[in-house]
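Structure first, then comments.
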Amino acid sequence: MNTTKTVWGDEIVVEEVRGIALRTYRHRPRTIGSLLAFADRWGDRPHLAQGGKVMTFAGLRAAVAAKAEELVGAGVGRGDRVLLLGWNSQEWIINFWACAAVGAVPVLANAWWGRSELADAVALLDLKLALADPRGAANLPGGTATGRWECGIPAGTPTVPALTGAGGEQDEDEDGPAAVVFTSGTSGRPKGVVLSHRSLLAGLHMLLHITRRLPQQVDESTGDAGLHTGPMFHIGGVQTLIRAITVGDTLVMPAGKFDPEEALRLVEKWKITRWSAVPTMVSRVLEHPDVHRRDVTSLRSVTVGGAPVHAEFLDRLRAGLPGVQPRVPTGYGLTENGGQATAASGRDTSEHPGTSGRPLPCVELKVHEGDEHGEGEILVRSPTQMTGYFGVDESPIDADGWLHTGDLGRIDEAGYLWITGRAKDLIIRGGENIAPAAVEEALAGVAGVVESAVFGVPHPDLGEEVMAAVVVEEGLTEERLTEELRSGLASFAVPSRWRLQHHPLPTNHSGKIDKKELAAQARADLAGQDGGRR
């Protein structure tokens, strides 16, 4: 199948997928590897920019072909799982596409993981190979089979061979695994979400449909420059990657850790029109003194997600970046759904502040066991949803195909979704999901810890930060607890606030630790401090 010539239709039909009737497009692409053919369409247009390095679409095609040949030489084939462990870079993207080109399944490890979390993932996945940048490689368990992280464009202008595997015409298994993306759950350790080709492509197809950017609707003169500041190993990163190659966008990435000054400079230099970010990053840009000195008038759209978005935040954004008015789209989604399930346009966020929008074209949405106000658990049924968790029998998808999200909300008469709370016991710190159970498990392994409760408290920049109330024996300090946890937890999951005590934590009528009371007291105490900071 030549995806560049395939009509990406807008006709929606109902098809049975694994015994479930799902809404889907009649005319659609079937495998993500086939998207590589779009690189030929865009040719010498800049595609990846980071630091002083710029790679064209043609350069990407050549580099992917060379890396794919290298993977085949290492014995990697169709269905083999290849771990990608690293920070955003051209190498990360080339390695991702090379896996797709040979039909392998890229497993997207979280670069913030500690050695313990990484060891768990490697033990679970039965990997064929791991590709890791220098920092990631140092954390891999001993005995892990590794390949080269480095990638390069072959010398000269080689003829790029036809890519087989997942990108070949003979491969039409759209329900086969395309990628494994990790998420945090309330049960503790990260889970590997298996996403099929159908999952990823259906999500892309719907977003291109509603934005009128289907391949046959764009030409060679189009193409935006987008600033990408989120991790590629998140589902949002994958969505950004496959969209960019399809519509010919230039992806501009910061050289290292997010820096608001660099972000503003990149917007000005590359005439960035689109930026997808978590509210924390946007807030840092709005507070930077350069925001009024840099020319950021090219920035037309800022998509915010990864944390709750409130009307006050949107007002600040529009005031600080007037060029984006009224284009401040948002939405609701989760990794188990393959990403986005609803979308709110800029007009929606202006006229209905606080909404997460309405379902995407193929998405069904309902509220489970709603109360008198119509509020209950949000259920989603969509062709984008995961196949399941890797190596785990349990699934939040029921027999009728409804994904139980664990989030609370309501749907109004116009079909808009309103998120009202989280049934899931998760902390969202700067866009990263943190399972309190995993932090509590790690604390239980520290000598001198009697019991603990972990919860989120408000943070003016990150949205939430991690706080731990811990009953300890004499001599155990915050500094030692922090040091102990750093070896087994991702850095963002280590508590930044502590409450250490020698008497038992409060319990509720059932005898369980009353985390709600602890969190409420902590928030009240912080509200009484200067700015909530120590």
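No value in this document is a laboratory result; all are computed from the given coordinates. Source: prediction; values computed, not measured. Here Cβ is always computed from backbone atoms with ideal geometry, including for glycine, and neighbour counts include all displayed protein chains.
Of all stretches in the chain that contain no GluC sites (Glu not before Pro) in a DSSP loop with at most 16 other Cβ atoms within 10 Å, the longest one is 221-368. Within the stretch 413-534, the percentage of alpha carbon pairs spaced more than 19 angstrom apart rounds to 50%. The trypsin sites (Lys or Arg not before Pro) found in the stretch 202-257 that occupy coil by DSSP, while having at most 11 further C-beta atoms within 10 Å, are ARG212, LYS257. Secondary-structure-derived ellipticity at 222 nm for the chain, considering helices only, amounts to -8000 deg cm²/dmol, per-run term -39500 (n - 2.57) for DSSP H runs with n ≥ 4.
Only Lys, Arg, Asp and Glu carry charge here, each on its Cβ (+1 for the first two, -1 for the last two); on that basis the chain has a dipole of about 1420 debye about its Cα centre.
In vacuum, with every alpha carbon of the stretch 329-415 counted as one equal point scatterer, what does the Debye formula give for log10 I(q)/I(0) at q = 0.14, 0.17, 0.23, 0.25 Å⁻¹? Two decimals, please. Values, matching the q order: -0.50, -0.71, -1.17, -1.31. Selection among LEU48, ILE235, LEU127 by position relative to the dipole of the chain gives LEU48 as farthest towards the positive end (Cβ unit charges, Cα centre). Which residues in the stretch 411-444 place their backbone N less than 16 Å from a point set 7 Å from the Cα of GLU394 along the Cα-to-Cβ direction? Answer for the stretch 411-444: 423-426, 435-441.
Pairs exceeding a 19 Å alpha-carbon distance, out of LYS191/LYS515; LYS53/LYS269; LYS53/LYS271: LYS191/LYS515. Here the residues VAL291, VAL296, ranked from fewest to most Cβ neighbours within 10 Å of their Cβ, fall in the order VAL291, VAL296. From least to most packed, judged by other beta carbons within 10 angstrom and beginning with the fewest, TRP275, TRP402 follow the order TRP402, TRP275. Would you list, by chain and number, the lysines whose Cα falls below 16 Å from the Cα of LYS128, excluding same-chain residues fewer than 8 positions away? Cross-link targets: LYS67.
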